[in-house]
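Structure first, then comments.
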Amino acid sequence: MNQNDWLNIFGLMTPGEAPRPSGIFFKDRRFSEPALFAFRLPLLFDSGLYAILVPDINFSPRQFRVLYFGETGELSKRVTSSHEKYADWVREAGTASRLYVAFHEMIGTQQAGKPWKAISSHTINPPAT
């Protein structure tokens, strides 16, 4: 069930209203809707990109700031509180309860040689030291 389904169920979309896009975009890639890091749902895929986000009212159109992009073949094992950058993310967010994560599935040859490789696994807004 996506965001539009929930909006319809709760009557938050009026008849004839255009569906709201689900997910968040970075460059030309659509990622999943941001979910709280601690309460994210199990994934149906294991290879892809992930973005660690923190709410920030100074960003638009979505009010999330990227702390980190990563790429892995084992999302379920890599995107955890045991990640080597997790303490940096929490410090930048102020608390673990403000961390969000979004995913972009990549399969097979999509992973090799893409421009994302140049920015994946790099902190976008480095935490102050």
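The values are calculated or read from the model by the stated rules, or taken from the named source; none is laboratory data. Everything numeric in this text was worked out from a predicted model, so none of it was measured. Cβ: placed from backbone, ideal geometry, glycine included. Neighbour counts: every protein chain shown.
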*Residues in the stretch 12-19: is at least one loosely packed, with under 15 Cβ neighbours inside 10 Å, at pLDDT 85 or above and either among the basic types (Lys, Arg) or assigned to a loop (DSSP other than H, G, I, E, B) (or both)?*
no
*Does the stretch 67-82 include one or more residues that are more than 25 Å from Ile107 (Cβ to Cβ), in contact with a strand residue (DSSP E or B) (Cβ under 8 Å, 6 or more places away or on another chain), at pLDDT 90 or above and assigned to a loop (DSSP other than H, G, I, E, B)?*
no
*For Ile52, state whether it is assigned to a loop (DSSP other than H, G, I, E, B) and either buried (at least 19 other Cβ atoms within 10 Å of the Cβ) or not small (Gly, Ala, Ser) (or both).*
no
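I'd like to verify a number: residues in the stretch 83-93 that are in a helix (DSSP H, G or I) and touching a residue at least 24 places away in the same chain (Cβ under 8 Å), how many?
Qualifying residue count for the region: 5.
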